[in-house]
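The values are calculated or read from the model by the stated rules, or taken from the named source; none is laboratory data. Remember, predicted model here, so these are calculated numbers, not experimental data. Heads up, the Cβs are rebuilt from the backbone with ideal geometry, glycines too, and the neighbour counts pull from every protein chain shown. Please note that ligands, DNA and RNA were not included when accessible areas were found on the heavy atoms of the full protein model with its side chains. Shrake-Rupley method; radii C 1.70, N 1.55, O 1.52, S 1.80 Å.
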Amino acid sequence: GRDAELKDLKRKLKNLSRGEDGGILMYEGGAGLGKSHMCREAIKHADRLGLRPLRGFCSALKDSTPYFPFQCLLEELFQVTFLPIDEARAKILEQVEEQWPHLFERVGLLNAVLPFHFDESMQVSVLTGFARLEGTKRYLLELLQCATQSLEKLVLIFEDVHWMDSLSWGLLA
């Protein structure tokens, strides 16, 4: 029952693969109406077209966890999804230090998103309240921009966005 949506999805992904604006697609509906299936289809078709899909998940159990949908997305972006915590932390630190050294001193702000317990520099440890909240948002935005700048034709897929927290919505905007 999602033929029209699937056709639209394929058209937008094809446009994106040609260098045109892909746009934004959102699917809504009750349980069992094919939203997760559409996400899987988006990934499958993006791969076929040579696009780079990155997926974030939202969850009813984590609807108040700041930036939870970006955890999986960042793990995939840094290619640390199935690594043990110590290896994942080391790989992320190495990538940030080598590729974006201007972001390295603030890497402790990733503790708000990733469960790898990065050491906090003095610059990060003094941030509290609103300053820390804004600093984290700006850091994530800058990191995502740097990390995805070299990725052509990026497709971001967020599943179950009705569970997305307000900070994630703000970052996405």
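Points to keep in mind about this one:
- Checked against the criterion of being touching a residue at least 40 places away in the same chain (Cβ under 8 Å), touching a Phe, Trp or Tyr at 6+ places or on another chain (Cβ under 8 Å) and under 27 Å from Glu94 (Cα atoms), segment 30-38 has no qualifying residue.
- Scanning segment 47-66 for any residue that is touching a residue at least 40 places away in the same chain (Cβ under 8 Å), open to solvent by 50 Å² or more (accessible area, probe 1.4 Å), more than 30 Å from Ala112 (Cβ to Cβ) and not aliphatic (A, V, I, L, M) turns up at least one such residue.
- When Lys12 is tested against (1) modelled with pLDDT of 80 or more; (2) loosely packed, with under 14 Cβ neighbours inside 10 Å, only condition (2) is not met.
- Residue list for segment 154-171, restricted to those being within 20 Å of Asp21 (Cβ to Cβ) and open to solvent by less than 70 Å² (accessible area, probe 1.4 Å): Leu154, Val155, Ile157, Phe158
- Looking only at segment 67-99, and only at residues there that are in a loop (DSSP other than H, G, I, E, B) and at pLDDT below 95, the one that is nearest to Leu114 (Cα to Cα): Tyr67
- Residue within segment 76-91 that is open to solvent by 30 Å² or more (accessible area, probe 1.4 Å) and touching a residue at least 40 places away in the same chain (Cβ under 8 Å) present: no
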